Amino acid sequence: MIYLDYAATAPVPRAVADAMYEVLAGQHGNPSSQYPAGLEMKKRVEGWRKIVAAAMDCPPERLFFTSCGTEGDNWAIRAAVWQNRHMGRHIVTTAVEHSAVLECCRQLEQEGCEVTRLAPDGEGNITAAQVLEAVRPDTAVVSVMMVNNELGTVFPIGEIARGLGAKNPKTLLHTDAVQGFLAFSARNLGADFVSVSAHKIGGPKGVGALYIGPRVKNPRPLLPGGGQESGLRAGTEATAQIAGFARAAELRMETRQRDREHLQALKAHAVEALSSIPDLQIIGAGGAPHILPVSLVGWPSQNIVNDLGSQGICVSAGSACHQGKPSHVVAALKLPKRTASGVIRISFGPETAVEEIDACAQALRRHHDTRMPML
(Lines give C-alpha, C1' and ligand atoms only; values in the text may rest on other atoms or scores of the structure.)
Protein backbone atom coordinates (compact mmCIF):
# COMPACT_ATOMS: atom_id res chain seq x y z
CA MET A 1 0.00 0.00 0.00
CA ILE A 2 1.13 3.54 -0.80
CA TYR A 3 -0.29 5.79 1.88
CA LEU A 4 -0.62 9.47 0.92
CA ASP A 5 -3.34 10.65 3.30
CA TYR A 6 -1.39 11.74 6.38
CA ALA A 7 -3.65 14.77 6.81
CA ALA A 8 -6.46 12.31 7.63
CA THR A 9 -4.42 10.21 10.06
CA ALA A 10 -0.87 8.95 10.47
CA PRO A 11 0.34 5.37 10.94
CA VAL A 12 1.14 4.38 14.52
CA PRO A 13 4.82 3.41 15.01
CA ARG A 14 5.61 0.20 16.88
CA ALA A 15 7.17 2.18 19.73
CA VAL A 16 3.88 4.00 20.28
CA ALA A 17 1.86 0.78 20.20
CA ASP A 18 4.30 -0.80 22.68
CA ALA A 19 3.93 2.15 25.07
CA MET A 20 0.17 1.75 24.94
CA TYR A 21 0.30 -2.02 25.40
CA GLU A 22 2.48 -1.67 28.48
CA VAL A 23 -0.24 0.43 30.11
CA LEU A 24 -3.12 -1.72 28.90
CA ALA A 25 -1.54 -4.99 30.00
CA GLY A 26 0.14 -4.12 33.26
CA GLN A 27 -0.72 -0.64 34.54
CA HIS A 28 -4.48 -0.46 34.73
CA GLY A 29 -4.80 1.74 37.81
CA ASN A 30 -7.36 4.56 37.79
CA PRO A 31 -5.51 7.89 38.29
CA SER A 32 -8.26 9.06 40.66
CA SER A 33 -7.86 6.08 43.01
CA GLN A 34 -5.96 6.69 46.24
CA TYR A 35 -4.22 3.33 46.63
CA PRO A 36 -0.64 2.88 45.31
CA ALA A 37 -1.58 1.63 41.82
CA GLY A 38 -3.85 4.62 41.29
CA LEU A 39 -1.35 7.11 42.67
CA GLU A 40 1.36 5.65 40.45
CA MET A 41 -0.86 6.03 37.40
CA LYS A 42 -1.64 9.63 38.37
CA LYS A 43 2.10 10.29 38.55
CA ARG A 44 2.60 8.74 35.11
CA VAL A 45 -0.22 10.78 33.56
CA GLU A 46 1.43 13.95 34.86
CA GLY A 47 4.74 12.79 33.36
CA TRP A 48 3.09 12.26 29.98
CA ARG A 49 1.45 15.67 30.29
CA LYS A 50 4.89 17.24 30.69
CA ILE A 51 6.09 15.51 27.51
CA VAL A 52 3.17 16.73 25.39
CA ALA A 53 3.40 20.20 26.95
CA ALA A 54 7.09 20.34 26.05
CA ALA A 55 6.20 19.48 22.45
CA MET A 56 3.72 22.39 22.43
CA ASP A 57 6.08 24.61 24.45
CA CYS A 58 3.60 25.44 27.17
CA PRO A 59 3.40 24.98 30.96
CA PRO A 60 2.04 21.49 31.75
CA GLU A 61 -0.53 22.95 34.15
CA ARG A 62 -2.13 24.70 31.16
CA LEU A 63 -2.47 21.55 29.06
CA PHE A 64 -5.59 19.41 29.37
CA PHE A 65 -6.18 16.05 27.71
CA THR A 66 -9.28 15.62 25.56
CA SER A 67 -10.69 12.84 23.41
CA CYS A 68 -9.86 14.52 20.09
CA GLY A 69 -9.42 17.80 18.23
CA THR A 70 -13.17 18.15 17.81
CA GLU A 71 -13.71 18.14 21.57
CA GLY A 72 -10.93 20.68 22.05
CA ASP A 73 -12.43 23.00 19.41
CA ASN A 74 -15.89 22.84 20.95
CA TRP A 75 -14.60 23.31 24.47
CA ALA A 76 -12.47 26.31 23.54
CA ILE A 77 -15.16 28.18 21.61
CA ARG A 78 -17.86 27.57 24.19
CA ALA A 79 -15.56 28.49 27.08
CA ALA A 80 -14.63 31.74 25.34
CA VAL A 81 -18.27 32.64 24.64
CA TRP A 82 -19.11 31.92 28.28
CA GLN A 83 -16.26 34.04 29.64
CA ASN A 84 -17.21 37.03 27.49
CA ARG A 85 -20.99 36.57 27.65
CA HIS A 86 -21.48 39.96 29.31
CA MET A 87 -19.38 41.69 26.64
CA GLY A 88 -21.17 40.18 23.64
CA ARG A 89 -21.98 37.01 21.72
CA HIS A 90 -20.31 37.70 18.39
CA ILE A 91 -17.93 35.10 16.92
CA VAL A 92 -15.47 35.57 14.07
CA THR A 93 -14.27 32.50 12.18
CA THR A 94 -13.55 31.48 8.59
CA ALA A 95 -15.54 29.66 5.95
CA VAL A 96 -12.76 27.08 5.61
CA GLU A 97 -12.49 25.89 9.21
CA HIS A 98 -12.75 22.23 10.13
CA SER A 99 -16.33 21.07 10.57
CA ALA A 100 -15.69 20.81 14.33
CA VAL A 101 -15.50 24.60 14.48
CA LEU A 102 -18.18 25.37 11.91
CA GLU A 103 -20.76 23.04 13.44
CA CYS A 104 -20.04 24.35 16.94
CA CYS A 105 -20.58 27.90 15.67
CA ARG A 106 -23.79 26.84 13.94
CA GLN A 107 -25.11 25.46 17.21
CA LEU A 108 -24.15 28.64 19.02
CA GLU A 109 -26.06 30.66 16.42
CA GLN A 110 -29.13 28.66 17.36
CA GLU A 111 -28.44 29.63 20.97
CA GLY A 112 -28.36 33.35 20.17
CA CYS A 113 -24.81 34.04 19.02
CA GLU A 114 -23.95 35.92 15.83
CA VAL A 115 -21.24 34.41 13.61
CA THR A 116 -19.13 36.11 10.94
CA ARG A 117 -17.54 33.62 8.53
CA LEU A 118 -14.68 35.06 6.50
CA ALA A 119 -14.18 33.87 2.92
CA PRO A 120 -10.67 33.20 1.57
CA ASP A 121 -9.30 34.50 -1.68
CA GLY A 122 -8.94 32.20 -4.67
CA GLU A 123 -5.66 30.82 -3.29
CA GLY A 124 -7.15 29.97 0.09
CA ASN A 125 -5.55 32.87 1.97
CA ILE A 126 -7.10 34.84 4.81
CA THR A 127 -5.18 37.83 6.14
CA ALA A 128 -4.86 39.15 9.67
CA ALA A 129 -6.25 42.48 8.46
CA GLN A 130 -9.33 40.69 7.15
CA VAL A 131 -9.89 39.01 10.52
CA LEU A 132 -9.30 42.15 12.56
CA GLU A 133 -11.64 44.20 10.38
CA ALA A 134 -14.44 41.79 11.32
CA VAL A 135 -13.80 42.14 15.07
CA ARG A 136 -16.33 44.30 16.92
CA PRO A 137 -16.66 45.54 20.50
CA ASP A 138 -19.01 42.59 21.18
CA THR A 139 -16.73 39.91 19.66
CA ALA A 140 -16.33 37.22 22.30
CA VAL A 141 -13.99 34.93 20.38
CA VAL A 142 -12.06 34.63 17.14
CA SER A 143 -11.44 31.07 15.92
CA VAL A 144 -9.00 30.66 13.02
CA MET A 145 -7.21 27.42 12.24
CA MET A 146 -3.43 27.32 12.06
CA VAL A 147 -3.14 25.16 8.93
CA ASN A 148 -6.04 24.33 6.64
CA ASN A 149 -6.50 20.58 6.50
CA GLU A 150 -7.44 20.49 2.80
CA LEU A 151 -5.37 23.27 1.27
CA GLY A 152 -2.31 23.42 3.51
CA THR A 153 -2.74 27.17 3.83
CA VAL A 154 -0.96 28.58 6.88
CA PHE A 155 -2.95 31.34 8.58
CA PRO A 156 -1.23 34.23 10.47
CA ILE A 157 -2.22 33.35 14.03
CA GLY A 158 0.56 35.34 15.69
CA GLU A 159 -0.29 38.47 13.71
CA ILE A 160 -3.98 38.05 14.53
CA ALA A 161 -3.14 37.72 18.24
CA ARG A 162 -1.08 40.90 18.22
CA GLY A 163 -3.79 42.79 16.36
CA LEU A 164 -6.49 41.66 18.77
CA GLY A 165 -4.45 42.97 21.67
CA ALA A 166 -4.60 46.42 20.12
CA LYS A 167 -8.17 46.37 18.82
CA ASN A 168 -10.13 44.48 21.47
CA PRO A 169 -7.98 43.05 24.29
CA LYS A 170 -10.87 41.11 25.86
CA THR A 171 -11.62 39.11 22.71
CA LEU A 172 -10.23 35.58 23.11
CA LEU A 173 -8.42 33.75 20.31
CA HIS A 174 -8.70 30.04 19.53
CA THR A 175 -6.74 28.16 16.90
CA ASP A 176 -7.25 24.60 15.73
CA ALA A 177 -3.62 23.53 15.38
CA VAL A 178 -4.31 19.88 14.54
CA GLN A 179 -2.48 20.15 11.18
CA GLY A 180 0.23 22.42 12.58
CA PHE A 181 1.22 20.36 15.62
CA LEU A 182 4.97 20.56 16.49
CA ALA A 183 5.36 23.66 14.31
CA PHE A 184 4.54 26.31 16.92
CA SER A 185 5.16 27.48 20.48
CA ALA A 186 1.93 27.90 22.44
CA ARG A 187 3.85 30.04 24.91
CA ASN A 188 4.77 32.57 22.21
CA LEU A 189 1.91 32.22 19.73
CA GLY A 190 -0.51 34.53 21.50
CA ALA A 191 -3.59 32.32 21.16
CA ASP A 192 -5.69 31.76 24.28
CA PHE A 193 -6.74 28.27 23.22
CA VAL A 194 -4.79 25.80 21.05
CA SER A 195 -6.33 22.42 20.22
CA VAL A 196 -4.33 19.45 18.91
CA SER A 197 -4.88 15.75 18.20
CA ALA A 198 -2.57 12.79 18.71
CA HIS A 199 -3.39 10.73 15.65
CA LYS A 200 -2.03 13.32 13.22
CA ILE A 201 1.49 12.76 14.55
CA GLY A 202 1.50 8.97 14.83
CA GLY A 203 -0.32 8.74 18.15
CA PRO A 204 -3.53 6.80 18.73
CA LYS A 205 -6.99 7.99 17.80
CA GLY A 206 -9.21 9.00 20.69
CA VAL A 207 -6.93 11.46 22.47
CA GLY A 208 -6.02 15.11 22.00
CA ALA A 209 -5.14 18.13 24.09
CA LEU A 210 -6.21 21.71 24.65
CA TYR A 211 -3.87 24.48 25.77
CA ILE A 212 -5.68 27.13 27.81
CA GLY A 213 -3.77 30.37 28.24
CA PRO A 214 -3.56 32.67 31.27
CA ARG A 215 -6.10 35.20 29.94
CA VAL A 216 -8.83 32.57 30.28
CA LYS A 217 -10.36 32.93 33.73
CA ASN A 218 -12.13 29.95 35.28
CA PRO A 219 -12.76 28.18 31.96
CA ARG A 220 -16.15 26.51 31.84
CA PRO A 221 -15.88 22.73 31.39
CA LEU A 222 -17.49 21.26 28.33
CA LEU A 223 -17.91 17.97 30.22
CA PRO A 224 -18.72 18.42 33.93
CA GLY A 225 -18.45 15.42 36.19
CA GLY A 226 -15.94 13.77 38.45
CA GLY A 227 -13.32 16.49 38.61
CA GLN A 228 -10.54 15.01 36.48
CA GLU A 229 -8.06 17.30 34.67
CA SER A 230 -8.05 19.84 37.51
CA GLY A 231 -11.83 19.86 37.51
CA LEU A 232 -12.04 21.09 33.92
CA ARG A 233 -12.53 17.92 31.88
CA ALA A 234 -14.43 15.11 33.55
CA GLY A 235 -14.08 11.46 32.64
CA THR A 236 -11.56 8.81 33.64
CA GLU A 237 -8.30 9.55 31.85
CA ALA A 238 -7.62 7.40 28.79
CA THR A 239 -4.26 6.36 30.18
CA ALA A 240 -3.12 4.09 27.34
CA GLN A 241 -4.00 6.68 24.70
CA ILE A 242 -2.26 9.41 26.69
CA ALA A 243 0.84 7.20 26.97
CA GLY A 244 0.78 6.68 23.20
CA PHE A 245 0.29 10.41 22.62
CA ALA A 246 3.33 11.24 24.72
CA ARG A 247 5.48 8.62 23.01
CA ALA A 248 4.45 9.85 19.56
CA ALA A 249 5.29 13.42 20.57
CA GLU A 250 8.71 12.31 21.81
CA LEU A 251 9.48 10.50 18.56
CA ARG A 252 8.40 13.40 16.37
CA MET A 253 10.30 15.95 18.45
CA GLU A 254 13.51 13.94 18.05
CA THR A 255 13.31 14.20 14.24
CA ARG A 256 11.28 17.40 13.82
CA GLN A 257 13.77 19.42 11.78
CA ARG A 258 14.80 16.48 9.61
CA ASP A 259 11.17 15.57 8.99
CA ARG A 260 10.29 19.12 7.94
CA GLU A 261 13.15 19.23 5.44
CA HIS A 262 12.09 15.83 4.09
CA LEU A 263 8.48 16.96 3.68
CA GLN A 264 9.50 20.17 1.94
CA ALA A 265 11.62 18.20 -0.52
CA LEU A 266 8.79 15.71 -1.09
CA LYS A 267 6.30 18.46 -1.80
CA ALA A 268 8.63 20.18 -4.26
CA HIS A 269 9.19 16.87 -6.03
CA ALA A 270 5.45 16.16 -6.09
CA VAL A 271 4.64 19.57 -7.58
CA GLU A 272 7.18 18.98 -10.35
CA ALA A 273 6.04 15.41 -11.06
CA LEU A 274 2.33 16.18 -11.05
CA SER A 275 2.59 19.41 -13.03
CA SER A 276 3.61 17.43 -16.11
CA ILE A 277 0.21 15.68 -16.22
CA PRO A 278 -2.15 17.25 -18.78
CA ASP A 279 -5.18 19.02 -17.26
CA LEU A 280 -3.78 18.79 -13.75
CA GLN A 281 -3.83 22.00 -11.72
CA ILE A 282 -2.21 22.76 -8.36
CA ILE A 283 -4.86 24.25 -6.05
CA GLY A 284 -4.10 27.15 -3.76
CA ALA A 285 -0.77 28.31 -2.44
CA GLY A 286 -0.59 26.39 0.82
CA GLY A 287 2.65 26.74 2.74
CA ALA A 288 2.35 23.59 4.86
CA PRO A 289 4.98 21.10 3.69
CA HIS A 290 2.79 18.01 4.08
CA ILE A 291 -0.41 18.91 2.18
CA LEU A 292 -0.80 19.27 -1.60
CA PRO A 293 -4.26 19.71 -3.17
CA VAL A 294 -4.52 19.24 -6.94
CA SER A 295 -7.32 19.01 -9.47
CA LEU A 296 -7.52 16.79 -12.51
CA VAL A 297 -9.85 19.18 -14.26
CA GLY A 298 -12.87 17.41 -15.71
CA TRP A 299 -12.28 14.07 -13.96
CA PRO A 300 -14.49 13.61 -10.84
CA SER A 301 -12.42 13.35 -7.67
CA GLN A 302 -14.28 10.36 -6.23
CA ASN A 303 -13.59 8.38 -9.40
CA ILE A 304 -9.91 9.23 -9.04
CA VAL A 305 -9.86 8.18 -5.37
CA ASN A 306 -11.58 4.89 -6.22
CA ASP A 307 -9.26 4.15 -9.15
CA LEU A 308 -6.07 4.87 -7.20
CA GLY A 309 -7.45 3.00 -4.20
CA SER A 310 -7.92 -0.11 -6.34
CA GLN A 311 -4.19 0.11 -7.07
CA GLY A 312 -3.30 0.42 -3.39
CA ILE A 313 -2.69 4.18 -3.47
CA CYS A 314 -4.50 6.11 -0.73
CA VAL A 315 -5.37 9.76 -1.41
CA SER A 316 -8.37 11.81 -0.36
CA ALA A 317 -11.14 13.76 -2.07
CA GLY A 318 -10.89 16.37 0.70
CA SER A 319 -11.16 16.00 4.44
CA ALA A 320 -11.79 12.50 5.75
CA CYS A 321 -14.63 14.00 7.80
CA HIS A 322 -16.61 14.78 4.64
CA GLN A 323 -17.10 11.07 3.79
CA GLY A 324 -17.44 11.68 0.07
CA LYS A 325 -19.61 14.80 0.32
CA PRO A 326 -18.60 18.01 -1.47
CA SER A 327 -16.00 20.00 0.44
CA HIS A 328 -17.01 23.36 1.90
CA VAL A 329 -13.34 24.36 1.72
CA VAL A 330 -13.10 23.86 -2.04
CA ALA A 331 -16.50 25.53 -2.48
CA ALA A 332 -15.21 28.62 -0.63
CA LEU A 333 -12.50 29.09 -3.28
CA LYS A 334 -15.22 29.63 -5.93
CA LEU A 335 -13.32 27.58 -8.51
CA PRO A 336 -14.86 26.70 -11.88
CA LYS A 337 -17.11 23.65 -11.52
CA ARG A 338 -14.87 21.34 -13.56
CA THR A 339 -11.87 22.31 -11.45
CA ALA A 340 -13.64 22.07 -8.09
CA SER A 341 -15.11 18.66 -8.89
CA GLY A 342 -11.68 17.19 -9.64
CA VAL A 343 -9.87 18.22 -6.45
CA ILE A 344 -7.98 15.57 -4.50
CA ARG A 345 -5.67 15.97 -1.53
CA ILE A 346 -2.27 14.30 -1.40
CA SER A 347 -0.57 14.49 1.99
CA PHE A 348 2.77 13.16 3.16
CA GLY A 349 4.48 12.00 6.32
CA PRO A 350 8.01 11.34 7.55
CA GLU A 351 7.86 7.78 6.18
CA THR A 352 6.79 8.81 2.66
CA ALA A 353 9.34 8.03 -0.08
CA VAL A 354 9.97 9.80 -3.38
CA GLU A 355 9.18 6.55 -5.19
CA GLU A 356 5.67 6.62 -3.72
CA ILE A 357 5.11 10.12 -5.06
CA ASP A 358 6.26 8.96 -8.49
CA ALA A 359 3.91 5.97 -8.38
CA CYS A 360 1.02 8.26 -7.54
CA ALA A 361 1.92 10.59 -10.40
CA GLN A 362 2.03 7.66 -12.82
CA ALA A 363 -1.35 6.42 -11.61
CA LEU A 364 -2.88 9.86 -12.07
CA ARG A 365 -1.48 10.09 -15.59
CA ARG A 366 -2.93 6.67 -16.41
CA HIS A 367 -6.28 7.78 -15.06
CA HIS A 368 -6.13 10.84 -17.28
CA ASP A 369 -5.10 8.85 -20.35
CA THR A 370 -7.49 5.90 -19.97
CA ARG A 371 -10.63 7.44 -18.45
CA MET A 372 -12.95 9.86 -20.16
CA PRO A 373 -13.53 13.26 -18.53
CA MET A 374 -17.09 13.42 -17.23
CA LEU A 375 -17.44 17.12 -16.48
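The values are calculated or read from the model by the stated rules, or taken from the named source; none is laboratory data. Nothing here was measured: the structure is a model prediction, and the numbers come from that model. Note that we place each Cβ from the backbone using ideal geometry, even for glycine, and neighbour counts take in every protein chain shown. For the accessible areas, the whole protein counts, side chains as well, though only heavy atoms, and no ligand, DNA or RNA atoms are used. Shrake-Rupley method; radii C 1.70, N 1.55, O 1.52, S 1.80 Å.
Any residue at all in the stretch 159-176 that's under 27 Å from GLY47 (Cβ atoms) and either open to solvent by 20 Å² or more (accessible area, probe 1.4 Å) or free of Cβ contacts under 8 Å to residues at least 60 places away in the same chain (or both)? Full working, then the answer.
The initial filter retains those residues of the stretch 159-176 that are under 27 Å from GLY47 (Cβ atoms), namely 175-176.
With the extra rule that they be either open to solvent by 20 Å² or more (accessible area, probe 1.4 Å) or free of Cβ contacts under 8 Å to residues at least 60 places away in the same chain (or both), the set shrinks to 175.
Within the stretch 159-176, one or more residues are under 27 Å from GLY47 (Cβ atoms) and either open to solvent by 20 Å² or more (accessible area, probe 1.4 Å) or free of Cβ contacts under 8 Å to residues at least 60 places away in the same chain (or both).
Considering only residues in the stretch 180-202 that are more than 17 Å from ALA248 (Cα to Cα) and among the aliphatic types (A, V, I, L, M), the one that is nearest to the chain's Cα centre (by Cα) turns out to be VAL194. For the stretch 245-358, the helices (runs of 4 or more DSSP H) that sit wholly inside it and include 1 or more residues that are farther than 30 Å from ALA54 by Cα and in contact with a Pro (Cβ under 7 Å, 6 or more places away or on another chain) are 328-332.
Report whether or not LEU232 is in contact with a Lys or Arg (Cβ under 9 Å, 6 or more places away or on another chain), open to solvent by less than 60 Å² (accessible area, probe 1.4 Å), of a type outside the set (Val, Ile, Thr) and closer than 23 Å to LEU63 by Cβ.
Taking the combined requirement at face value, the residue satisfies it.
The set of residues in the stretch 205-222 that are open to solvent by 10 Å² or more (accessible area, probe 1.4 Å) and under 17 Å from the mean Cα position of the chain (by Cα) comprises LYS205, GLY206, TYR211.
Quick check on the stretch 60-105: of everything there that is hydroxyl-bearing (Ser, Thr, Tyr) and open to solvent by 20 Å² or more (accessible area, probe 1.4 Å), which residue is farthest from ILE126 (Cα to Cα)? Talk me through it step by step, then tell me what you get.
Taking the stretch 60-105 as the starting set, the residues that turn out to be hydroxyl-bearing (Ser, Thr, Tyr) are 66-67, 70, 93-94, 99.
Then keep just the ones that are open to solvent by 20 Å² or more (accessible area, probe 1.4 Å); that gives 67, 70, 99.
Details: SER67: 29, THR70: 22, SER99: 18 Å.
The residue in question is SER67.
Inside the stretch 1-44, residues that are open to solvent by 70 Å² or more (accessible area, probe 1.4 Å), aliphatic (A, V, I, L, M) and without any contact (Cβ under 8 Å) to a residue 12 or more places away in the chain make up a count of 1.
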